[in-house]
1. Using the structure shown, decide if ILE149 is under 24 Å from the mean Cα position of the chain (by Cα), over 25 Å from THR258 (Cα atoms) and at pLDDT 90 or above.
2. Could you pull out the residue among ALA253, ALA270 that is open to solvent by less than 70 Å² (accessible area, probe 1.4 Å) and either out of contact with any strand residue (DSSP E or B) (no Cβ under 6 Å at 6 or more places or on another chain) or modelled with pLDDT of 90 or more (or both)?
3. So which residues in region 239-249 are open to solvent by less than 80 Å² (accessible area, probe 1.4 Å) and in a helix (DSSP H, G or I)?
4. Of the conditions (1) buried (at least 18 other Cβ atoms within 10 Å of the Cβ); (2) outside any helix (DSSP H, G or I), VAL42 clears all except one; give me its number.
5. Could you identify the single residue in LEU85, LEU136, LEU60 that is part of a helix (DSSP H, G or I), open to solvent by 60 Å² or more (accessible area, probe 1.4 Å) and either closer than 30 Å to ARG226 by Cβ or not aromatic (Phe, Trp, Tyr) (or both)?
6. Give me the pairs: first residue in region 324-345 and in a helix (DSSP H, G or I), second residue among the polar types (S, T, N, Q), beta-carbon distance under 7 Å, and six or more apart or on different chains, which are they?
7. Looking only at region 23-37, count every residue that is among the small types (Gly, Ala, Ser), open to solvent by less than 30 Å² (accessible area, probe 1.4 Å) and closer than 24 Å to PHE69 by Cα and tell me the total.
8. Tell me which residues, restricted to region 1-22, are over 11 Å from VAL104 (Cα atoms), surrounded by 16 or more Cβ atoms within 10 Å (Cβ to Cβ) and either acidic (Asp, Glu) or over 18 Å from the mean Cα position of the chain (by Cα) (or both).
Amino acid sequence: MFAEMLRFEWRYHVYRLVFVLCVVVVAGMAFALVATGYGAQVAQINAPTTVMQACGLLSLWLLFSQTLFTVNGVLRDEEHGMRALILSRPIGRFGYLASRYLGVVLAGLMVFTIAVLLLMVAPHVLSFDASRVGPLSLTSYAFALGTLILPNLLLVSALLCAVAWFTRSTIATYAGGIAVFGFYMVTALLVDSPLMAGTAPPTAESLARAALLDPFGISAFFEQVRYWTTAERNVQMLTLDGRYLKNRLLVLAITGATLAVCYRFVSLGARATSASRARLRRTSSRETVHERVLGDSRSDERGNAPTLSSPVAYLAIAPTSESRGFFLRAFVSTVRLELRQLFASRVLLALLLLFMVVAGVEASTTLMAGDYGTRVLATSGALAASVPLQFFGMLCVVYFGADLVWRERATGISGLVDATPTSNAVFTL
């Protein structure tokens, strides 16, 4: 039965438009890396070290793909109200959680396998100088996929699934993806990762620290190939030992601990959310009004039929969409409502705090980014040009944009909003 559940999860992911979108984006990034001649100018485009470095950069897009797969795969029962029906089947706790997690992992693995295959074929299809293209080595691509991308995929999927299982919220899961990226940026800046252009030139001590603590393992790769010559970079593969092995084992240990916590503490039953409690209060209120209007439904001693205690008359109200100033009043009211929803969001406060931490770490590293360890002034222009801050800000804009556009549909009131006599331009603007 577990095999059938896993097969269903696989088909559910690969037949959706989101899967195609992720393949196009990630594979397009892989093709762009090869087309632009990514890597050192003296190194071959398909050298083992160039392949590892390209796969390390591609693995950062796991936060994009796995967030989408987690929302679609793990939270679909909450969205469609099918959790009670699914759990009524004899699937068990392990089968339910493991099938959802492995479905997310398999979908992401297929996306990045396609990207790695394109990374392997592109050097032999595009026009490059013969000296920059070496012989095809399947081992180097398989090693990068198995030791660099796969552990990162397992870790990111476990963290996002944990957020989805504990919160059962689409908004919180998207915010969790942004938080994981922010945590990686903070870690990379604090440990002086070579991937961060704004960090100081790494010393042997800082590079060794980064090799152990970098959650994506990119610093461990740089630490192992730091003293390799160009000839060695073109032919020699990384070895799964030293700090690179310790980093990968640490990532797998964190993944296993996260999944163990989820298996032990995640509740599969229904829970009383704020929305359900509000619906219960509204239902109780309607029942009270119903009893007050209808009065006592029992017949009196003479057998007379019950009578209404206070009949309610229906009053039709004509829409006023054509009145003067209606568009402006509706627009101002909608903007006020959207701003109230935005600034009252706990997710916004959490993301603002995380952004402040990332900006603070970036400012502190910019102070020491001058030549020979000299200090520079961390002006607003220097921080605005920071790639981590730009990417983090872009993720926040995408998240809140999606929240604003899809909020009514996610909460099930889109039909009610569409029925209001208000122009579409009010909601669009």
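The values are calculated or read from the model by the stated rules, or taken from the named source; none is laboratory data. Keep in mind that what you see is a predicted model, and the values were worked out from it rather than measured. Cβ atoms come from the backbone with ideal geometry, glycine included; neighbour counts cover every protein chain shown. Heavy atoms of the whole protein, side chains included, go into the accessibility calculation; ligands, DNA and RNA do not. Shrake-Rupley method; radii C 1.70, N 1.55, O 1.52, S 1.80 Å.
1. Numbers: under 24 Å from the mean Cα position of the chain (by Cα): yes; over 25 Å from THR258 (Cα atoms): no; at pLDDT 90 or above: yes.
So ILE149 does not fit the description; no.
2. Numbers: ALA270 fails: open to solvent by less than 70 Å² (accessible area, probe 1.4 Å).
After applying the criteria, what remains is ALA253.
3. GLY242, TYR244, LEU245, ASN247, ARG248
4. Of (1) buried (at least 18 other Cβ atoms within 10 Å of the Cβ); (2) outside any helix (DSSP H, G or I), only one is false for VAL42: (1).
5. On the way: LEU136 fails: part of a helix (DSSP H, G or I); LEU60 fails: open to solvent by 60 Å² or more (accessible area, probe 1.4 Å).
Among LEU85, LEU136, LEU60, only LEU85 is part of a helix (DSSP H, G or I), open to solvent by 60 Å² or more (accessible area, probe 1.4 Å) and either closer than 30 Å to ARG226 by Cβ or not aromatic (Phe, Trp, Tyr) (or both).
6. Pairs found: PHE326/THR320; PHE327/SER423; ALA330/THR422.
7. 2
8. Once the filter is applied, which keeps residues that are over 11 Å from VAL104 (Cα atoms), surrounded by 16 or more Cβ atoms within 10 Å (Cβ to Cβ) and either acidic (Asp, Glu) or over 18 Å from the mean Cα position of the chain (by Cα) (or both), region 1-22 yields only MET5.
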